[in-house]
Amino acid sequence: MPEQRSRDDLNRELIELLNELRVALPGVQVLFAFLLAVPFANGWQRVTDFQRDVFFVAFLCTAAATILLIAPSTYHRLRWREHDKEHMLVTANRLTIACTVFLAAAMVSVVLLITDLLFSLGWALLATVVVAAAFAWFWYGLALTRAARD
């Protein structure tokens with residue numbers, strides 16, 4: 001059984017989580033707004049089937065990231081004053097981490113789409129691999145490497 005955290009610790013962890021969500025939310029909102037507008041832009045009819053499919057993956061991943069990022073707030077509102085803060089924090093942490101996976105996938109997909117539109121599929125694949133590796137290392141690798149050492 002995990003140790004019970006003090007009320008002050010739980011409150012501090014909740015504030016930290018909320019601050020981190022405030023950092024991520026504008027990025028997800030801007031990306032989602034961009035993706036909502038793209039199909040209505042001039043030139044959209046000239047995209048290839050591959051580009052359309054990549055766009056759809058980015059769109060769905062952004063929707064999933066939005067769902068997961070807002071879920072902790074909804075959970076908190078529905079469980080308000082139920083004295084369940086520790087479980088809420090654990091759940092919100094998992095939802096936030098899942099959100100970052102979908103957000104990274106969405107951003108990598110957008111890099112693939114935009115680079116393919118601007119240059120060629122070869123350059124798009126190269127740029128996408130570099131960006132995906134950067135997400136993997138900086139968002140996950142650094143922390144997981146440290147955790148493995150500990």
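Between the helical axis of 7-37 and the dominant principal axis of the chain, each derived from Cα atoms, what acute angle in degrees is found, rounded to the nearest 10? Value to nearest ten degrees: 20.
Here the chain is treated with +1 on each Lys and Arg Cβ and -1 on each Asp and Glu Cβ, and its dipole about the Cα centre works out to around 180 debye. If R0 is 22 Å, what FRET efficiency do you get for Arg22 and Ala147 from their C-beta distance, rounded to 0.05? Given R0 = 22 Å and the Cβ-Cβ separation, E is 0.35.
In cubic angstrom, how much convex hull volume per residue do the alpha carbon atoms of the range 1-104 span? Mind dumping the intermediate values first?
On the way: hull volume 10.9 nm³, N = 104.
Here the figure is 105 Å³ per residue.
Using Cα springs under 10 Å in a Gaussian network model of the chain, which residue among Thr91, Thr62, Thr128 shows the largest mean-square fluctuation? Evaluated over the chain, the most mobile residue of the options is Thr91. Tell me the label-point distance for the pair Leu117, Arg12, using the 7 Å Cα-to-Cβ offset, in nm and rounded to one decimal. Each label point is offset 7 Å from its Cα along the Cβ direction, giving 4.6 nm. Modelled this way, with points 7 Å down the Cα-to-C-beta line, the labels at Phe34 and Ala136 are 2.2 nm from one another. How far is helix 49-78 tilted off the main Cα axis of the chain, in degrees rounded to 10, range 0 to 90? It works out to around 20 degrees. State whether the range 36-150 is rounded, prolate or oblate according to the following rule on the C-alpha gyration tensor (a ≥ b ≥ c being the square roots of its eigenvalues): a/c under 1.5 gives rounded; otherwise a/b larger than b/c gives prolate, and the remaining case gives oblate. Oblate is the answer for the range 36-150, as a/c is 1.5 or above yet b/c matches or exceeds a/b.
How far is helix 121-135 tilted off the main Cα axis of the chain, in degrees rounded to 10, range 0 to 90? Taking Cα atoms only, the helix is inclined about 10 degrees. Taking other residues whose beta carbon is less than 12 angstrom from the beta carbon of Val90, and scoring Lys, Arg as +1 and Asp, Glu as -1, yields 0.
Largest first, the residues Val47, Val28 sort by 1.4 Å accessible area into Val47, Val28.
The values are calculated or read from the model by the stated rules, or taken from the named source; none is laboratory data. Please read all numbers here as calculations on a predicted model, not as lab measurements. Positions of Cβ are backbone-derived with ideal geometry, glycine not excepted, and every protein chain shown enters the neighbour counts. Each accessible area value is taken on the protein alone, full model and side chains, heavy atoms only, with ligands, DNA and RNA left out. Shrake-Rupley method; radii C 1.70, N 1.55, O 1.52, S 1.80 Å.
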